[in-house]
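Shown next, in structure tokens, is the structure this report addresses.
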Amino acid sequence: MTPPIVRTKAELQARVDDWKRAGAVVGVVPTMGALHEGHLSLVAAAKAQCDRVIVTIFVNPRQFNSPEDLANYPRTEKEDARKLERFAVDAVYVPGGEEIYPDGFCTTVSVAGLTDVLCGAHRPGHFDGVATVVTKLFTQTMADRAYFGEKDFQQLQVVTRLARDLDLGVTVVGCPTIRDIDGVALSSRNLLLSDKARGRAPALIEALEAVAAGLRGGQTLGELRPAAEARLAAAGFTDIDYLDLRAVDDLSALETPERPARLLAAAWLAGVRLIDNIAV
Ligand code: PAF
């Protein structure tokens, strides 16, 4: 069955009010559309843990760093709705820009510290855009639980922190990265790669796995990074924004995994910025 598409905050809130009056636990899966199996795994988790599930689709202009990137972002609402049919979600919230950023909107949610590093250092303002829209989506949906992928690990940390700091009353749930058969993390951005470039994309996860193996064997990141960078360059990656080991709790930089850590990388392949990370 085609899920109900809701386009205004007023209609969404009327529905959610009814559900809440009936005591339902409401889950939300925030997305920018172009849904793939990674998103659908979040929907499945939400369906398993909540009474009512809302999927939001909003291509948030405030989190893009260039107008071309925003313009090129895939928009596939019809296919997205079709992919959601099998989950019987309770609403697909597809707000127009005015529902999120009405005229005169002048508030920014900014999570200090966690956003200064990794993608935050390379994409100025990106996480302010994410934090602001996610705060709006949490308050508009009045969700009890919200589902995010670990593929965007820094985003997951930022959203967890803002929900806690602002007492938004929503529990943020992180879900494992879903990968293609060749190991490449599913991402809407993979659609922007030519077949040839897509064939080279596994080098990113392979480089991370090799570094992780070295770390487990007692080597330091500094010792392992040159070989990983060479591997990426050989596969056709042009720029490496970062290849870092970070503490899970505060994203501080580590040389060895002496505390629970995550190995994260962002690198450019054929003009497309790919990110990935694994636990170490
Ligand atoms: O991960 C995404 O797709 C976006 O950053 C999000 C969380 C939907 C906010 O626009």
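The values are calculated or read from the model by the stated rules, or taken from the named source; none is laboratory data. Owing to the predicted nature of the structure, the values given are computational and were not obtained by experimental measurement. When we count neighbours, we look across all protein chains shown, and the Cβ atoms used for this are built from the backbone with ideal geometry, even at glycine. To get the accessible areas, we keep the full protein, side chains included, count just its heavy atoms, and leave off ligands, DNA and RNA. Shrake-Rupley method; radii C 1.70, N 1.55, O 1.52, S 1.80 Å.
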Filter result for residue 28 (at pLDDT 95 or above and either in a loop (DSSP other than H, G, I, E, B) or within 14 Å of the ligand (Cβ to nearest atom) (or both)): yes
Would you tally the residues in region 239-261 being among the charged types (D, E, K, R), open to solvent by less than 40 Å² (accessible area, probe 1.4 Å) and over 17 Å from residue 223 (Cβ atoms)? 2
Which count do you get for residues in region 142-188 that are within 11 Å of the ligand (Cβ to nearest atom), in a helix (DSSP H, G or I) and touching a residue at least 40 places away in the same chain (Cβ under 8 Å)? 5
Candidates 279, 265, 210, 234, filtered to the one that is surrounded by 16 or more Cβ atoms within 10 Å (Cβ to Cβ) and either among the small types (Gly, Ala, Ser) or over 25 Å from the mean Cα position of the chain (by Cα) (or both): 265
Please go through (1) open to solvent by less than 10 Å² (accessible area, probe 1.4 Å); (2) away from the ligand (no atom under 11 Å from the Cβ); (3) outside any loop (DSSP other than H, G, I, E, B) for residue 139 and return the number of the only condition it doesn't satisfy. (1)
Determine if region 54-63 includes at least one residue that is basic (Lys, Arg), within 18 Å of residue 175 (Cα to Cα) and surrounded by fewer than 21 Cβ atoms within 10 Å (Cβ to Cβ). no
Which of the numbered conditions does residue 125 fail, given that it passes all the others? Conditions: (1) away from the ligand (no atom under 15 Å from the Cβ); (2) at positive phi; (3) not aliphatic (A, V, I, L, M). (1)
Given 208, 251, 245, which one is in contact with a Leu (Cβ under 7 Å, 6 or more places away or on another chain), in a helix (DSSP H, G or I) and under 25 Å from residue 161 (Cβ atoms)? 208
Checked pairs for region 114-133, first assigned to a helix (DSSP H, G or I), second at pLDDT below 95, C-beta under 8 Å and 6 or more apart or across chains, list as 126/65
